[in-house]
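The values are calculated or read from the model by the stated rules, or taken from the named source; none is laboratory data. From a predicted model like this one, the values you see are computed outputs, not experimental measurements. Glycine also receives a Cβ, built like all others from the backbone with ideal geometry; neighbour counts cover every protein chain displayed.
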Amino acid sequence: MNEIDSNDRVARLQQAAEQAERLGSPPGDADVDAYRLVIRAVRRAPMPALADDFAARIALRLGPAAERAGIEDGLVILLLLGMALGGGGYLMPKLWPMLSSIPISLPHLSWQWIIAAALAISLAWAIDKFWERHPGGAPA
C-alpha cells in the first residue's frame, strides 16, 4: 500500500470515528474504535493554562527577530541592486550596438544619461524602502 492510500485510509477512519462519536454508535469496527478512544482521550484531557507573563515572553522573543528581519531586508535590497548592476555590466557590451542605433529625439541626451538616471531612481527607491522600515529614519 502506498503512502497516499495509507493517508486516505487514516483520514477515512478518523472521519468515521468522529461521526460514530457524534451519533453515539455502539462499538463495531476495531480500527474505528481505536480512533474513537483517541477522540475521547483528547476531549477529556485538561487544557493547560497559559503563564501570566506569556505575552511578555513572546514579545521579548519577537523583538530581536524583527530587528534581524530589517537587516536581512536591507541586505537583500543591496544584493538585488548588485545583481542588477552586475547584469547590466555583463549585458551592456552585447546590447550597446542595438541601443546606440536607436535614435534619440531629445537634444543632447544620450543613452548613458538615461541609464544613469534610471539607476539613480532605482537606488533612491531602494534606499527609501530600506529606511522606511526603520522608525529612526536616515542615520545622522
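The table for this structure:
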read-out	value
Qualifying position, being touching a residue at least 12 places away in the same chain (Cβ under 8 Å), aliphatic (A, V, I, L, M) and over 22 Å from ARG133 (Cβ atoms), among LEU99, LEU95, LEU80, LEU91	LEU99
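Per-residue answers, yes or no, for (1) surrounded by 10 or more Cβ atoms within 10 Å (Cβ to Cβ); (2) modelled with pLDDT of 85 or more:
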site: ILE4; (1), (2): no, no
site: ARG9; (1), (2): yes, yes
site: ARG12; (1), (2): yes, yes
site: GLN15; (1), (2): yes, yes
site: SER25; (1), (2): yes, no
site: ASP33; (1), (2): yes, yes
site: LEU37; (1), (2): yes, yes
site: ARG40; (1), (2): yes, yes
site: ARG44; (1), (2): no, yes
